[in-house]
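Engineer: Quick one: the structure is below, questions incoming.
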Amino acid sequence: MNCLQRAKEKISSGARLERDDILALYEDNDLLYLAEAARHVKESKTGKKVFYTVNRHINLTNVCKANCPLCAYQCKSGSNRAFTLELDDVAKILSQVPSPQSLSEIHIVSSLHPTKDFAYYLDAVKLVKKILPHVGINAFTPVEVVNFSQISGQSVAAVLSELIGAGVTSLAGGGAEILSDRVREIICPKKCSAAQWLEVMRTAHRLGLRTNASMMFGHVETIAERVDHLLTLRKLQDETGGFVAMMLFPFHPANTELGKTFDLRGVGSWENLKMLALSRLTLDNFAHFKAFWVMLTLPIAQLALSFGADDLDGTLGEEKIIHAAGAKSSTAITRETLEKIISEVGYQPVERDSFYNEV
Amino acid sequence: MFVRGELERIERKVFSGERLTREDGELLFACKELSWLGALADYVRKKVCGERVYYNVNCHVNLTNICAARCKFCAFGRGEDDKGAYAMTIDDAIKLVTEASCDPHLTGLHIVSGLHPTWSFEHYLSFVETLHEKFPRLHIKGFTGVEVQHFANISGLSVEEVLLRLKSAGLETIAGGGAEILTDRVRNLLCSKKATADEWLNVARTAHKLAIKTNASMLYGHIETLAERVEHLIKLRTLQDETGGFQTFICFPFLPKNTALEKTIKQTTMWDDLKTMAISRLMLDNFPNIKAYWVMLTVPVAQVALSFGANDIDGTIHRENILHDAGATSPRALTEDEIIKIIREAGRVPCVTGGNQ
């Protein structure tokens, strides 16, 4: 039996895929076989339900000392694009949320500001908690947590405990990019290492703080590095069970240094959907996969529901990070639109909180 | 692989090469099993046309947007005095094609236009003659069944005579548009002033008899029922059984923006687009080629459509007008390199055609 046949047999019997299996499936490039199998896995985990959340994104600042080549959002202080929200600004944004009672999550991710101290970030969380006590706060990626640890001189565990105390209810899944130091050296040399990213997640899970996970692909990584990334996440999930949902970020090259340097064009919808299905098949211990519509555009996000995704994420307010890199989707969407998109394809829309409890 | 009951029965039929019935087609439209449908269509595509994906390096020439028919689904047609109305002169057409010919790979022209209320058939014919004379290397595909019927009406010639004159002027293939939905109910409501369903089919039949290949299409996602989509496909299949003269079928999702239906009809979803593509491949078992027309589908959907039964992605186009008037968000042209990259990422073999498809 060749490698591909073995992989397909494992899928039929529900056995775990290993590195060679995944690479063989990638190579085979049978998009709809992968879709069928991934959809089957999705339905075995969450049936006909497709989740969404009513949330709001807050990006505290775009001034950054990491200046990763992959990023179109960050800028240096003094740039005419630079902004940094003070607490008053955050309060103002929150006071403008149209119906705060219907909100179930605030998502806060930001750049690594060169001079703001850890207290600044903590205060922002406390303010959100004070104004919207009923709302889940999904905030900060491990990259930011490592930065907090460095600027405050505290351990990662101590930083996480303080964040929990301030009101953070789950950590964001970003900043993973590709968990390979070879790749990170090229795309984000000043960001935390792969080992540090994983250590933050492990520690968070140990402290009972659940997190998401992600992969950014379609830049300088090899296919084997994508697969190893997925296997690394799967291994940690075996150990802790603390990951809630997985997201794939196709790299948007517009306005990035990385895009320019390597003349990157971004992957097509084929590759996007193929990676989604393949990731769903690989990460057999993850319950939820997001089709993040801001990145994919709504029509492709709808299509992704047939490739293993079970979550369209949220009705976010102004999204800045991906739009800086040329995303064409609109920046907000209504609950009605999300529900319609889900129902249209035969699934049942379910509004969720950060932990996929129905609300 | 993961379906039960009726769908399993249809799956067995497809695997054994048995023709699908009208009822099967309607069941497929009612089902929500998108990836299953795609995989089934992909199986047929592999069997019928292998791994090649066709594209062409072409230039669209829309001679005029002034149109006597003014169909409700059209954002391109205008009255003579309307803002944005235009009618090319022969020199304009030569200029456009000369510009497009800067690309040494250009192989074909695609000429479709409004039904100009005062132009004679001879005038239309003179464009073909001149372009053919000036650019003898270029394959000329042009005029839909609707235009050919219009030429017969205004010239008093038979459809056969019109086609013969077009052919001797240099036209090689008839375009696939104007089929819309081939039922009189839909046509009476949306496009009562142009060729009827029977007339459209008759033009195709006559062309095939004269050894002129034609394309076929379906404009869906407006007021038609799913049963009417199936009926449309079966009408095309029946004629293809008779003549074998259709080479490519193209699915056109209706784009409502700037049309008379804008307020009442919502644009189709990608899900519907891919489903319709797959069902077309499954129902049209005697058509060699199914085209994913990227202008209407958008590039991302057209790429994915390659695994839903499509084996053709149309062309570089040079400058698309008709659908961009209807709010198409895709680019107006693609480069050959872009098209090749789209096809390769899907693991298929790009293959340039002579512009006939």
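Engineer: Which condition from (1) part of a helix (DSSP H, G or I); (2) within 14 Å of chain B (Cβ to nearest Cβ) is the one that A:Lys45 breaks?
Structural biologist: The number of the failed condition is (2).
Engineer: Still on this structure, please answer the following. Looking only at residues in the range A:57-70 that are in contact with a helix residue (DSSP H, G or I) (Cβ under 8 Å, 6 or more places away or on another chain) and of a type outside the set (S, T, N, Q), which one is farthest from the other protein chains (Cβ to nearest Cβ)?
Structural biologist: Once the filter is applied, the top-ranked residue is A:Leu60.
Engineer: Go through the range B:113-165 residue by residue and tally those that are under 26 Å from B:Asp103 (Cα atoms) and hydrophobic (A, V, I, L, M, F, W, C).
Structural biologist: Going through the range B:113-165 one residue at a time, the tally reaches 8.
Engineer: Determine which single condition A:Asp228 fails, assuming it passes every other condition in (1) in contact (Cβ under 8 Å) with a residue 60 or more places away in the chain; (2) surrounded by fewer than 16 Cβ atoms within 10 Å (Cβ to Cβ); (3) touching a Ser or Thr at 6+ places or on another chain (Cβ under 8 Å).
Structural biologist: Going through (1) in contact (Cβ under 8 Å) with a residue 60 or more places away in the chain; (2) surrounded by fewer than 16 Cβ atoms within 10 Å (Cβ to Cβ); (3) touching a Ser or Thr at 6+ places or on another chain (Cβ under 8 Å) one by one, A:Asp228 breaks only (2).
Engineer: Here are B:Thr173, B:Thr196, B:Thr183: which of them is among the hydroxyl-bearing types (Ser, Thr, Tyr) and more than 21 Å from B:Tyr220 (Cα to Cα)? Working first, answer last.
Structural biologist: Working: B:Thr196 fails: more than 21 Å from B:Tyr220 (Cα to Cα); B:Thr183 fails: more than 21 Å from B:Tyr220 (Cα to Cα).
After applying the criteria, what remains is B:Thr173.
Engineer: In the range A:84-95, which residues are buried (at least 16 other Cβ atoms within 10 Å of the Cβ) and either polar (S, T, N, Q) or in a loop (DSSP other than H, G, I, E, B) (or both)?
Structural biologist: Once the filter is applied, which keeps residues that are buried (at least 16 other Cβ atoms within 10 Å of the Cβ) and either polar (S, T, N, Q) or in a loop (DSSP other than H, G, I, E, B) (or both), the range A:84-95 yields A:Thr84, A:Leu85.
Engineer: Could you tell me whether B:Ile250 is in a loop (DSSP other than H, G, I, E, B), under 17 Å from the mean Cα position of the chain (by Cα) and away from every other protein chain (no Cβ under 14 Å)?
Structural biologist: On the way: in a loop (DSSP other than H, G, I, E, B): no; under 17 Å from the mean Cα position of the chain (by Cα): yes; away from every other protein chain (no Cβ under 14 Å): yes.
No.
Engineer: Please go through the range B:98-133 and give me each residue that is under 20 Å from B:Gly176 (Cα atoms) and of a type in the set (S, T, N, Q), ordered by number. Before the answer, list the steps.
Structural biologist: Taking the range B:98-133 and keeping what is under 20 Å from B:Gly176 (Cα atoms), we get B:107-116, B:121, B:124-125, B:127-128.
B:Thr107, B:Ser113 - these are the residues of the range B:98-133 that are under 20 Å from B:Gly176 (Cα atoms) and of a type in the set (S, T, N, Q).
Engineer: May I pose another question? Can you name every residue in the range B:186-196 that is surrounded by fewer than 20 Cβ atoms within 10 Å (Cβ to Cβ) and either in contact with a Lys or Arg (Cβ under 8 Å, 6 or more places away or on another chain) or aliphatic (A, V, I, L, M) (or both)?
Structural biologist: Pass one, the range B:186-196, residues surrounded by fewer than 20 Cβ atoms within 10 Å (Cβ to Cβ): B:188-189, B:192-193, B:196.
Residues satisfying the conditions are B:Leu189, B:Lys193, B:Thr196.
Engineer: Of the residues A:Ile93, A:Ile164, only one is modelled with pLDDT under 95 and of a type in the set (A, V, I, L, M); which?
Structural biologist: Details: A:Ile164 fails: modelled with pLDDT under 95.
None of the others qualify; the one that does is A:Ile93.
Engineer: Here is a further query. Can you name the helices (runs of 4 or more DSSP H) wholly within the range B:1-95 that have at least 3 residues being more than 23 Å from B:Leu236 (Cβ to Cβ)? Quick ask: steps written out before the conclusion?
Structural biologist: Values: elements: B:6-15, B:22-30, B:34-49.
Helices (runs of 4 or more DSSP H) meeting the threshold: B:6-15, B:34-49.
Engineer: So, in the range B:206-228, exactly how many residues are of a type in the set (Lys, Arg) and under 17 Å from the mean Cα position of the chain (by Cα)? Explain how you work it out, then say what you get.
Structural biologist: Going through the range B:206-228, the residues of a type in the set (Lys, Arg) turn out to be B:209, B:213.
Okay, now just the ones that are also under 17 Å from the mean Cα position of the chain (by Cα), so B:213.
The number of residues fulfilling the criteria is 1.
Engineer: For the range A:288-359, list the strands (runs of 3 or more DSSP E) that sit wholly inside it and hold at least 1 residues that are surrounded by fewer than 20 Cβ atoms within 10 Å (Cβ to Cβ), within 14 Å of chain B (Cβ to nearest Cβ) and modelled with pLDDT of 95 or more; which are they?
Structural biologist: Details: elements: A:288-290, A:311-314, A:348-351.
So the answer is A:348-351.
Engineer: Within the range B:50-84, which residues are surrounded by 20 or more Cβ atoms within 10 Å (Cβ to Cβ) and either within 14 Å of chain A (Cβ to nearest Cβ) or over 30 Å from B:Phe121 (Cα atoms) (or both)?
Structural biologist: B:Val53, B:Tyr54, B:Tyr55
Engineer: If you don't mind, another one. Do we find that B:Glu147 is over 25 Å from B:Thr353 (Cα atoms) and not aromatic (Phe, Trp, Tyr) in this structure?
Structural biologist: Values: over 25 Å from B:Thr353 (Cα atoms): no; not aromatic (Phe, Trp, Tyr): yes.
So B:Glu147 fails the test.
Engineer: Kindly indicate whether A:Leu4 is out of contact with any Phe, Trp or Tyr (no Cβ under 7 Å at 6 or more places or on another chain), surrounded by fewer than 22 Cβ atoms within 10 Å (Cβ to Cβ), within 14 Å of another protein chain (Cβ to nearest Cβ) and outside any loop (DSSP other than H, G, I, E, B). Show your work before the answer.
Structural biologist: Numbers: out of contact with any Phe, Trp or Tyr (no Cβ under 7 Å at 6 or more places or on another chain): yes; surrounded by fewer than 22 Cβ atoms within 10 Å (Cβ to Cβ): yes; within 14 Å of another protein chain (Cβ to nearest Cβ): yes; outside any loop (DSSP other than H, G, I, E, B): yes.
Against the criterion (out of contact with any Phe, Trp or Tyr (no Cβ under 7 Å at 6 or more places or on another chain), surrounded by fewer than 22 Cβ atoms within 10 Å (Cβ to Cβ), within 14 Å of another protein chain (Cβ to nearest Cβ) and outside any loop (DSSP other than H, G, I, E, B)), A:Leu4 qualifies.
Engineer: If you take the residues in the range A:13-50 that are of a type in the set (Ser, Thr, Tyr) and within 23 Å of the chain's Cα centre (by Cα), which one is surrounded by the most Cβ atoms within 10 Å (Cβ to Cβ)? Steps first, please.
Structural biologist: Narrowing the range A:13-50 to residues of a type in the set (Ser, Thr, Tyr): A:13, A:26, A:33, A:44, A:46.
So of that shortlist, the ones also within 23 Å of the chain's Cα centre (by Cα) come out as A:26, A:44, A:46.
On the way: A:Tyr26: 17, A:Ser44: 9, A:Thr46: 19.
Checked the range A:13-50; the qualifying residue surrounded by the most Cβ atoms within 10 Å (Cβ to Cβ) is A:Thr46.
Engineer: Still on this structure, please answer the following. Which ones in the range B:112-167 are of a type in the set (Lys, Arg) and either surrounded by fewer than 24 Cβ atoms within 10 Å (Cβ to Cβ) or in a loop (DSSP other than H, G, I, E, B) (or both)? Break it down into steps so the answer makes sense when it comes.
Structural biologist: Let us first name the residues in the range B:112-167 that are of a type in the set (Lys, Arg), namely B:134, B:137, B:141, B:165, B:167.
B:Lys134, B:Arg137, B:Arg165, B:Lys167 - these are the residues of the range B:112-167 that are of a type in the set (Lys, Arg) and either surrounded by fewer than 24 Cβ atoms within 10 Å (Cβ to Cβ) or in a loop (DSSP other than H, G, I, E, B) (or both).
Engineer: Same structure again: Look through B:Glu33, B:Glu26, B:Glu6, B:Glu18 and report the one residue that is within 14 Å of chain A (Cβ to nearest Cβ), over 22 Å from the mean Cα position of the chain (by Cα) and of a type in the set (D, E, K, R). Spell out the reasoning first.
Structural biologist: On the way: B:Glu26 fails: within 14 Å of chain A (Cβ to nearest Cβ); B:Glu6 fails: within 14 Å of chain A (Cβ to nearest Cβ); B:Glu18 fails: within 14 Å of chain A (Cβ to nearest Cβ).
One residue alone meets the criteria, B:Glu33.
Engineer: On to the next question. Does A:Tyr73 satisfy the condition of being under 20 Å from A:Gly174 (Cβ atoms), in a loop (DSSP other than H, G, I, E, B), at pLDDT below 95 and more than 14 Å from chain B (Cβ to nearest Cβ)? Walk me through it before giving the result.
Structural biologist: Details: under 20 Å from A:Gly174 (Cβ atoms): yes; in a loop (DSSP other than H, G, I, E, B): yes; at pLDDT below 95: yes; more than 14 Å from chain B (Cβ to nearest Cβ): yes.
So A:Tyr73 fits the description; yes.
Engineer: Another question, then. Kindly indicate the residue of the range B:10-36 that is at pLDDT below 95 and not aromatic (Phe, Trp, Tyr) and also farthest from B:Phe308 (Cα to Cα) among those meeting that condition. Don't jump to the end; show me each part of the working.
Structural biologist: Of all residues in the range B:10-36, those at pLDDT below 95 come to B:30-36.
From what's left, not aromatic (Phe, Trp, Tyr): B:30-35.
On the way: B:Ala30: 17, B:Cys31: 15, B:Lys32: 14, B:Glu33: 12, B:Leu34: 9, B:Ser35: 8 Å.
The residue in question is B:Ala30.
Engineer: Answer yes or no: is there a residue in the range A:51-70 that is in a loop (DSSP other than H, G, I, E, B), more than 27 Å from A:Cys188 (Cα to Cα) and under 19 Å from the mean Cα position of the chain (by Cα).
Structural biologist: At the first step, the residues of the range A:51-70 found to be in a loop (DSSP other than H, G, I, E, B) are A:54, A:59-60, A:62, A:64-70.
Then drop every residue that is not more than 27 Å from A:Cys188 (Cα to Cα), which leaves A:54.
Still in the list and also under 19 Å from the mean Cα position of the chain (by Cα): A:54.
The answer is yes, given that some residue of the range A:51-70 is in a loop (DSSP other than H, G, I, E, B), more than 27 Å from A:Cys188 (Cα to Cα) and under 19 Å from the mean Cα position of the chain (by Cα).
Engineer: Restricting to the range A:165-179, name every residue that is surrounded by 24 or more Cβ atoms within 10 Å (Cβ to Cβ) and within 17 Å of A:Asp123 (Cβ to Cβ).
Structural biologist: The answer is A:Val168, and nothing else.
Engineer: Another question, then. Can you pull out every residue in the range A:231-274 that is within 14 Å of another protein chain (Cβ to nearest Cβ), in contact (Cβ under 8 Å) with a residue 60 or more places away in the chain and either part of a helix (DSSP H, G or I) or among the polar types (S, T, N, Q) (or both)?
Structural biologist: Hits for the range A:231-274 are A:Trp270, A:Leu273, A:Lys274.
Engineer: Another question, if that's okay. Quick check: anything in the range A:235-244 surrounded by fewer than 18 Cβ atoms within 10 Å (Cβ to Cβ) and either under 21 Å from A:Ala304 (Cβ atoms) or of a type in the set (Val, Ile, Thr) (or both)? Write out each step before concluding.
Structural biologist: Our first condition is that a residue be surrounded by fewer than 18 Cβ atoms within 10 Å (Cβ to Cβ); within the range A:235-244, this holds for A:235, A:238-241.
Checking the rest, the ones that are also either under 21 Å from A:Ala304 (Cβ atoms) or of a type in the set (Val, Ile, Thr) (or both) come to A:240.
Checked against the condition, which is being surrounded by fewer than 18 Cβ atoms within 10 Å (Cβ to Cβ) and either under 21 Å from A:Ala304 (Cβ atoms) or of a type in the set (Val, Ile, Thr) (or both), the range A:235-244 yields at least one hit.
Engineer: Sort out which residues of the range B:213-229 are surrounded by 19 or more Cβ atoms within 10 Å (Cβ to Cβ) and among the hydrophobic types (A, V, I, L, M, F, W, C), and write them in order of number.
Structural biologist: B:Ala216, B:Met218, B:Leu219
The values are calculated or read from the model by the stated rules, or taken from the named source; none is laboratory data. Note that this is a predicted model, so its numbers are computed, not measured. All Cβ positions, glycine included, derive from the backbone under ideal geometry; neighbour counts span all protein chains shown.
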